[in-house]
Every structure is written in structure tokens, then in C-alpha cells.
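Here the structure comes first, spelled out in C-alpha cells, and everything after it is commentary.
What follows is calculated from the coordinates using simple rules that are stated; it is not laboratory data. Predicted, not measured: the structure shown is a model, and the values here were computed from it.
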Amino acid sequence: MKIQPLGDRVLVEPLKEDEVKKGGIIIPDTAKEKPQQGKVIALGTGKLDDDGNKVPFHVKKGDTVLMPKYGGTEIKLDGKEYQIMREDDILAILDR
């Protein structure tokens, strides 16, 4: 299934944490925190300013970003989990 975010929304795939931490401790799913890093999969159509001009995105497809813990809308497509959020909700771009 294909999905195209609208406006200034961004489709992000959360990056999973390792199941085993240093020292060999296995963390169960119920004790894991929500991932705060993700990979940008798709960009929306763009936001318009007051004059009707498109505002360029600061992120691009493939960027690794830092997301808020409880921001965006969680969706599931083809068995994978994603989040759709406004570009303004993204906190930072990592390793560009």
C-alpha cells in the first residue's frame, strides 16, 4: 500500500531498540520505552505561507530524526508501524 502525507506532514518509521542491552539483559516489550528516533519515509505536499508560496521542508527522505515520545499519529501499513506527524513536531535531524 502506498501512502502520501498531505500538507506539512511527514511519514516516519520508528527505529527499533536492541532487545538485548549491554551485559546481556533482555528487555521485554512491556518495559520498553517508545522509540524516539525514526527514518523519514515520505514527505507531504508542503505547507503554504501567507502569500501562497510553498515553504520548503527542512527534512528529506532518508533522514534520521529525533521525534517526541508522544507526538504524531501511529498507523500500521503492511504489518509495519509508522507515525505521521507535522514537520514542526520533529525535534532534530541526526547524522546528516
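Coupling constants for region 79-90 follow from the phi torsions by the Karplus curve (6.51 cos²θ - 1.76 cosθ + 1.60, θ = phi - 60°), and in residue order they are x, 10, 9, 9, 10, 10, 9, 6, 4, 4, 7, 6 Hz; glycine and proline get x.
Across region 39-50, rounded Karplus estimates of 3J(HN,Hα) from the backbone phi angles (6.51 cos²θ - 1.76 cosθ + 1.60, θ = phi - 60°) give 10, 6, 9, 8, 10, x, 7, x, 8, 9, 7, 5 Hz, Gly and Pro being marked x. Proximity of backbone amide H atoms, modeled 1.01 Å from N, is registered between G46 and G7, D8, R9 at under 5 Å, excluding neighbours fewer than 5 places apart on the same chain.
Each residue of region 51-68 is assigned a 3J(HN,Hα), and the resulting list reads 8, x, 8, 6, 8, x, 6, 8, 9, 9, 4, x, 5, 9, 10, 9, 10, x Hz, derived from the Karplus form 6.51 cos²θ - 1.76 cosθ + 1.60 (θ = phi - 60°), x at Gly and Pro. In terms of distances greater than 18 angstrom between alpha carbons, the cross-link table entries K16/K69; K39/K60; K39/K76; K54/K76; K2/K61; K16/K39 yield K54/K76.
In this structure, the amide hydrogen of L94, modeled 1.01 Å from its nitrogen in the peptide plane, lies closer than 5 angstrom to those of T64, V65, L66, counting only residues at least 5 positions away or on a different chain.
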